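What follows is a single structure, written as structure tokens, with notes after it.
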Amino acid sequence: MMSVLYPYQRRYLADASRWKAACWSRQTGKTFTTTLEAVLDCLDAEANGRISRWTILSISRDRALDAIRNGAALHMRAIGAAYEVLDEPIGAEELAHMVRLSGGSYVRAIAAKPETARGMSDNLILDEFAHHKDNRALWRALVPVVSRPDLKLRVISTPNGKGDMFHEIMTDGLGGLFSRHIVTIYDAVADGLPRDITELRKACRDPDTWSQEFECAFLDRAGREWLGYDEILAALDAQPLPPYDGRPVYVGMDIAARGDLSVISVLEDIGSGVLALRDMQVMRGESFAAQLARLDAVMRAYRVVRVAIDQTGMGEMPVQEAQRRHGQYRVTGVIFTPSAKLDMAVALKDRLQARRLLLPVTESERAAMIDDLRSVRMESGAGGVPRLLADRDAGGHADRFWSLALAVSAAGAGVPAYAYESVMRRNRYDYGDAHGKL
């Protein structure tokens, strides 16, 4: 059997590490090789009076069936082992496809769901892990499954962008926990795999697809995401701000009545053209009165130069009320037209890329911020003009993104701090007595 394998496959099989990950190009035999490892382990266990059990978690039922038919069962036949192929119910709706040996060892494959994975106690293969819908949730469910020191975990995939759990495993190895194998199409061909690289590259056409699928490059979701993962991380890795000392701030407020989040972002001008997140308040299901009360508190706590509020639809009344309370010279409403959204998003992106926006959030807020900022994606609209879209889920609808974009817009509105203060003096409005310090 080993004689028909290419050197990169033999190197992978020779690695008996408990935690092992493989980032391999398309068309290089990922599933073939990992199912062979599982079959050989089961045969070795049976020969020595032990039982070995492996479960493959696939991205779909069809992939699970293919892993058994064209993987595990194919190897059993080639080796000449006695086995049976069967289907086994998993819960009320799921079905596991399986090859089982007479001593009780098996290799089975199922369509992966976090809730399905929780009850297992097998060696695990996570097939095309980067392409599972929520591989972080799946990972959290699976770690306890392989807590027993005699169990093994295999993670195999082509990349599917930066920032997911597979990217973290392959770039960090979780602090050296994982033994990692990377095989690009060039590596595989150099080891003897018969593929015409020039022909494949021509057929692929799209450079991003070629880089990701065949060169094992981790891209920012092949350019679809509006904000790059690296620039988000750079902003989040900023040092915490010192206590507030009265510097000017700019506020963005994304309003929602139900379902989505309402978010207030407070960006402080820390000098040299750099804005830093001083405060972010996230609300869900709060009344307009409560949301405006939160804004009032922000106006009292900070020296607010300008506020930009989402005025689209239900935002009309809150904007009018905020202007009545705090003045039209400081509060502006923004209608979310496609052009206005694009202008704000471009300003936000430009600041992040230029390292002129710092987002020093706590560790508990970090994951939610990353997911929110990465949720906005770009698609081509009429005439090639970009359209910005975001899926609505339990975490909101890119509400932190738009709150920050509004705050950046407010900072770019050309109203310097001294102009705000002179207006206050001319109006002889004792804002310090009525609303606290400036």
Amide H contacts of residue 336 (H built 1.01 Å from N, under 5 Å, at least 5 apart or other chain) = 311, 312
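Please give the contour-minus-distance gain from residue 274 to residue 84: 0.36 nm per residue of separation, less the Cα-Cα distance, rounded to one decimal in nm. List each step's numbers first, then the result.
Working: separation 190, 0.36 × 190 = 68.40 nm, distance 6.59 nm.
Full-extension gain reported as 61.8 nm.
Between residue 44 and residue 288, what is 0.36 nm times their sequence separation minus the Cα-Cα distance? Round to one decimal in nm.
On the way: separation 244, 0.36 × 244 = 87.84 nm, distance 6.63 nm.
Extending this stretch completely gives an extra 81.2 nm.
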How large is ³J(HN,Hα), in whole Hz, for each residue of segment 175-185 in order, when computed from phi with the Karplus curve 6.51 cos²θ - 1.76 cosθ + 1.60 and θ = phi - 60°, using x for Gly and Pro?
-> x, x, 5, 8, 7, 10, 10, 10, 10, 7, 4
Estimated inter-spin distance, residue 17 and residue 32, nm [label 7 Å along Cα→Cβ] | 2.4
Exposure proxy check: 156, 125, 182 ranked by fewest other beta carbons within 10 Å?
-> 182, 156, 125
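Would you list 32, 218 from fewest to most Cβ contacts within 10 Å? Please report the intermediate quantities before stating the final value.
Details: 32 15, 218 20.
Arranged by neighbour count, lowest to highest, 32, 218 become 32, 218.
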State the percent of C-alpha pairs, over all pairs in segment 2-223, separated by a distance greater than 21 angstrom.
-> 55
Report ³J(HN,Hα) in whole Hz for each residue of segment 52-66, in order, from the Karplus equation J = 6.51 cos²θ - 1.76 cosθ + 1.60 where θ = phi - 60°; Gly and Pro get x.
-> 10, 10, 10, 10, 9, 9, 9, 7, 7, 5, 4, 5, 5, 5, 5
Of all DSSP beta bridges in the chain, what percent run antiparallel (nearest 5)?
-> 50
Roughly what angle does helix 288-301 make with the longest principal axis of the chain, taking Cα atoms, 0 to 90 degrees, to the nearest 10?
-> 70
Under 27 Å Cα to Cα from residue 349, which lysines show up? Leave out anything in the same chain fewer than 8 places away.
-> 133, 162, 341
Cα-based reach from residue 30 at 19 Å (exclusive), listing aspartates and glutamates while leaving out same-chain residues under 8 positions away | 15, 41, 62, 66, 127, 128, 187, 191, 196, 213, 215
Subtract the Cα-Cα distance of residue 329 and residue 356 from 0.36 nm times their separation in residues, and report this length gain in nm to one decimal.
-> 7.2 nm
Positive-end residue, the chain charge dipole about Cα centroid, Cβ charges, pick of 137, 276, 158 | 276
Interchain or long-range residues, amide H under 5 Å from residue 90's placed H | 95, 96
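Using unit Cβ charges (K, R positive; D, E negative) and no other charged atoms, how large, in debye to the nearest 20, is the dipole of the chain about its Cα centre?
Details: 56 positive and 58 negative charges, 123 e Å.
Roughly 600 debye, rounded to the nearest 20.
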Evaluate the distance, in nm, between pseudo-label points positioned 7 Å from the Cα of residue 66 and of residue 209 along their respective Cα→Cβ axes.
-> 1.6
Amide H to amide H under 5 Å from residue 151: which residues, 5+ apart in sequence or cross-chain, H placed 1.01 Å off N in plane?
-> none
The ³J(HN,Hα) series, computed from each phi in segment 15-23 with the Karplus coefficients 6.51, -1.76 and 1.60 at θ = phi - 60°, rounded to the nearest Hz and given as x for glycine or proline, is 7, 9, 4, 5, 10, 9, 10, 9, 10
Candidates for P(r) over Cα pairs in 10 Å bins from 0, in percent are (1) 4, 18, 23, 18, 15, 11, 7, 3, 1, 0; (2) 5, 23, 33, 26, 12, 2, 0; (3) 4, 21, 29, 25, 15, 5, 1, and the calculated one carries label (1)
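Only the coordinates and a few stated rules stand behind these numbers; no lab work does. No experiment lies behind these values; they were computed from the predicted model shown. Please note: Cβ atoms are built from the backbone with ideal geometry, for glycine as well, and neighbour counts cover all protein chains shown.
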